[in-house]
Amino acid sequence: MSATLLQRSLAAVWHPCTQMKHHETLPPVPIVGGEGPWLITENGQRLLDGISSWWVNLFGHCNPRINAALRDQLDRLEHAMLAGFTHPPVVELSERLAALTGGALGHAFYASDGASATEIALKMSFHAWRNLGLPQKNRFVCLEGGYHGETVGALAVTDVALFRDAYAPLVRLADTVPSPDARRAAPGESAADVARRAAGALAAKLDAEGEHIAAFILEPLVQGAAGMAMYDPEYLRLARALCDRHRVHLICDEIAVGCGRTGTFFAHEQADIRPDLLCLSKGISGGYLPLSVVLCRDDIFRAFYDDDMRRGFLHSHSYTGNPLACRAALATLDIFAEDDVLAANRERAALLGRLLAETFPGHAKVRHPRQRGMIAAFDVEDAPPDFSRRFFAAALAAGALLRPIGNTVYFMPPYVMGDAELRALFAAAAHALEGSLP
Ligand SMILES: *Cc1c(COP(=O)(O)O)cnc(C)c1O
């Protein structure tokens with residue numbers, strides 16, 4: 001008898017972010033198709049993709065417009081190296097991304113994944129200061145609970161014990177400062193008060209050690225992997241001012257919160273600031289192909305511009321600026337423009353908020369319901385240790401892909417999820433919540 005796809009997968013594939021032994025009780029789900037907000041399993045079950053397949057998918061699976069752009073690009077050029085060469089998709093994408101920052105971040109450097117974008121931003125910041133005669137600026141500051149990827153370099157600024165502790169001896173840890181997470185509000189404190197308090201700690205850090213600090217990296221407005229920790233834009237305004245005062249680069253990691261996820265195209269726009277370096281990945285290719293990009297200010301770029309090779313930024317990846325991935329990103333930006341996606345999402349987000357309020361009102365275990373644009377979340381009190389896996393399994397049985405982070409249940413649907421589908425997603429979540437509590 002021939003082995004099933006699942007049996008072959010378990011024998012040959014090592015899955016990410018997974019204790020493989022857990023697959024003995026909850027095996028991976030074979031997916032053979034996708035259609036809009038739906039994933040289709042091998043046995044024909046349709047699953048609502050409530051978390052955009054790990055936060056990457058914006059306009060649905062097998063989107064006809066992105067598919068058409070990729071087919072067109074396939075017949076022109078699949079790939080060419082970007083060192084010594086250039087091509088239309090990478091040029092157009094770089095121009096359009098710069099324009100989306102109002103021209104503030106005029107140069108784009110490409111890689112294939114988010115962690116690499118983090119490392120590029122860190123290396124660029126450090127090397128820019130060195131080229132400017134300030135090599136002592138060689139340390140980084142990040143937020144408590146910050147997540148910026150899991151390669152050895154990115155782990156330096158990723159403050160998630162589960163991902164970092166085993167590798168701590170390999171990593172040159174950055175310093176952490178308190179998170180402005182609004183859940184930390186004391187009685188009577190507003191989210192803006194928490195932001196000001198956290199900014200006070202950042203001020204103390206930079207006052208004491210600013211001359212040794214190259215950059216401060218954060219996820220604007222929502223710390224995703226920390227469990228959708230949301231905070232007031234006031235923190236970004238204050239952090240921007242503090243970084244300016246101490247000549248510290250501000251790196252906004254918008255790998256998860258960029259591309260309209262929080263309501264504006266970039267999350268940092270809600271604080272009316274610009275970072276010095278901006279990391280994008282995940283949604284930028286519509287969730288189609290591995291692509292990441294670091295946008296930087298022109299003065300950072302100019303710090304490398306020289307006759308001396310060693311003053312250049314000698315970083316590369318084989319697939320830097322891959323034409324297919326760039327074309328997927330261009331098709332994604334086209335959809336934003338043609339469909340006025342940000343306006344449409346305001347209504348979709350309003351429904352998301354209503355469903356969050358209506359589905360779990362007064363639930364004894366539901367804490368801190370919260371929302372920012374197209375992200376909604378709540379925490380579950382007294383959750384059992386294996387709550388996340390239990391909830392995931394119960395949601396699958398109810399027809400939805402939802403995968404809590406610890407005891408935080410969150411919704412991060414693709415922007416093509418219709419009203420009825422959103423309601424079905426929340427119905428599945430309510431069902432899964434009951435099914436996963438003791
Ligand atoms: C996912 C993510 C990363 C890492 O991206 P990968 O492509 O998984 O390496 C970095 N920062 C943030 C904020 C993320 O959400």
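General remarks:
- Scanning segment 296-328 for residues that are surrounded by fewer than 18 Cβ atoms within 10 Å (Cβ to Cβ) and assigned to a helix (DSSP H, G or I) yields a total of 7.
- Test result for LEU155, surrounded by 22 or more Cβ atoms within 10 Å (Cβ to Cβ) and in contact with a Lys or Arg (Cβ under 6 Å, 6 or more places away or on another chain): yes
- Hits in segment 46-77 (condition: more than 29 Å from GLY373 (Cα to Cα) and open to solvent by 60 Å² or more (accessible area, probe 1.4 Å)): ARG71, LEU74, ASP75, ARG76
- Which listed residue is open to solvent by 10 Å² or more (accessible area, probe 1.4 Å), within 13 Å of the ligand (Cβ to nearest atom) and modelled with pLDDT of 95 or more, from PRO290, PRO220: PRO290
- Single residue of segment 401-429 satisfying the filter (over 17 Å from the mean Cα position of the chain (by Cα) and open to solvent by less than 30 Å² (accessible area, probe 1.4 Å)) that is nearest to VAL380 (Cα to Cα): ALA429
- Test for ARG130: is it assigned by TED's automatic domain parsing to the domain that holds ALA328 and without any contact (Cβ under 8 Å) to a residue 60 or more places away in the chain: yes
- Any hit, segment 227-236, residues being within 15 Å of the ligand (Cβ to nearest atom), farther than 25 Å from MET412 by Cβ and not acidic (Asp, Glu): no
- Restricting attention to segment 251-274, the residues that are more than 16 Å from the chain's Cα centre (by Cα) and either surrounded by 24 or more Cβ atoms within 10 Å (Cβ to Cβ) or not assigned by TED's automatic domain parsing to the domain that holds ASP299 (or both) total 0.
- Filtered by the rule that a residue be within 9 Å of the ligand (Cβ to nearest atom) and closer than 21 Å to VAL248 by Cβ, segment 141-167 gives GLY146, TYR147, HIS148, GLY149, ALA154, THR158.
- Checking LEU100 against (1) under 20 Å from TYR305 (Cα atoms); (2) open to solvent by 50 Å² or more (accessible area, probe 1.4 Å); (3) under 22 Å from the mean Cα position of the chain (by Cα); (4) more than 16 Å from the ligand (Cβ to nearest atom), the condition it does not meet: (1)
- Matching entry among ALA115, ALA121 (being buried (at least 24 other Cβ atoms within 10 Å of the Cβ), within 12 Å of the ligand (Cβ to nearest atom) and under 21 Å from LEU218 (Cα atoms)): ALA121
- Pairs, first of a type in the set (Gly, Ala, Ser) in segment 348-361, second not in a helix (DSSP H, G or I), C-beta under 6 Å, six or more apart: ALA349/GLY373; ALA349/MET374; GLY353/GLN371
- Taking the criterion of being more than 16 Å from the ligand (Cβ to nearest atom) and open to solvent by less than 10 Å² (accessible area, probe 1.4 Å), the residues of segment 240-250 that qualify are CYS243, VAL248.
- Only one of ILE284, ILE255 that is at pLDDT 95 or above and farther than 28 Å from ALA185 by Cβ: ILE284
Rundown of residues vs (1) β-branched (Val, Ile, Thr); (2) modelled with pLDDT under 95; (3) within 15 Å of TYR415 (Cβ to Cβ), yes/no style:
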position	(1), (2), (3)
TRP38	no, no, yes
ARG46	no, no, no
GLY50	no, no, yes
GLY60	no, no, yes
ILE66	yes, no, yes
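- Segment 384-396: number of residues that are open to solvent by 70 Å² or more (accessible area, probe 1.4 Å) and touching a residue at least 60 places away in the same chain (Cβ under 8 Å): 1
- Qualifying residue in segment 370-383 (condition: under 23 Å from the mean Cα position of the chain (by Cα), among the polar types (S, T, N, Q) and open to solvent by 50 Å² or more (accessible area, probe 1.4 Å)): yes
- Candidates ASP175, ASP159 - the one that is modelled with pLDDT of 95 or more and either of a type in the set (Gly, Ala, Ser) or more than 19 Å from VAL222 (Cα to Cα) (or both): ASP175
- Single residue of segment 14-45 satisfying the filter (over 14 Å from PHE392 (Cβ atoms) and touching a residue at least 60 places away in the same chain (Cβ under 8 Å)) that is surrounded by the most Cβ atoms within 10 Å (Cβ to Cβ): PRO37
The values are calculated or read from the model by the stated rules, or taken from the named source; none is laboratory data. This structure is a prediction, so every number in the text was calculated from the model and none was measured. Cβ sites come from the backbone with ideal geometry, for glycine too, and all protein chains shown count toward neighbours. With ligands, DNA and RNA removed, areas are computed over all heavy atoms of the protein, side chains included. Shrake-Rupley method; radii C 1.70, N 1.55, O 1.52, S 1.80 Å.
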